[in-house]
Amino acid sequence: MNPVTALAEITEILKSNNEWLIVHASGKSFALQNREIEFTAERGKISLGLLDEKGFQLWRVADYKIEKDGLIINVSRNFQTETDRIKFVPRISAGELSAAVELARLEKANRIAHLVIAENPQS
């Protein structure tokens, strides 16, 4: 993993969305804005700093994987005695979610209407 290239890729992904849901391997999650997540490259290593329920946490990035629904980062600290897998999932706004729900309802209603017409053409 080239730290400079990896840092550029990770930073670009984080900039693509304003708010992220941070999900730890334990299942605990925490919502953060992209400006509250800090990636740095020093001495050939990438560090991740972020807030969670315990306060500010600093981790070393072991590797990462870009997925269509987010980013998975394997991290460690304390000479690799602590490890975690952190998934970054983009959060959508309430307005976007509401519009998606409304569209799904409309599509379902249209399918029902087509079934009714197909079964009962005189209606």
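What list of ³J(HN,Hα) couplings, whole Hz, do you get for the range 41-48 from phi and the Karplus terms 6.51, -1.76, 1.60, once you set θ to phi - 60° and write x for glycine and proline?
Those phi angles translate into 10, 9, 6, x, 10, 9, 10, 10 Hz.
Got a sec to turn the phi values of the range 52-58 into Karplus ³J(HN,Hα) couplings, 6.51 cos²θ - 1.76 cosθ + 1.60 with θ = phi - 60°, whole Hz, x for Gly and Pro?
8, 5, 9, x, 6, 10, 10
Out of [x] 1.24; [y] 0.91; [z] 0.96, which label holds the value of Rg/Rh (Cα atoms, Kirkwood Rh) that was computed here?
Read-out from the structure maps to [x].
Counting only C-alpha contacts under 8 Å and six or more residues apart, can you give the relative contact order of the chain as a whole percent?
Working: 162 pairs, mean separation 24.2, N = 123.
That works out to 20 percent.
Where the centre of each part is set by its Cα atoms, how far does the range 68-84 sit from the range 14-61, in angstrom?
10
Could you run the Karplus curve 6.51 cos²θ - 1.76 cosθ + 1.60 with θ = phi - 60° over the range 13-18 and give me ³J(HN,Hα) per residue in whole Hz, x for Gly and Pro?
These are the phi-based 3J(HN,Hα) values: 5, 5, 5, 5, 9, 6 Hz.
Just so you know, all these numbers are worked out from the coordinates, no wet-lab data involved. Model, not experiment: these values are computed from the prediction.
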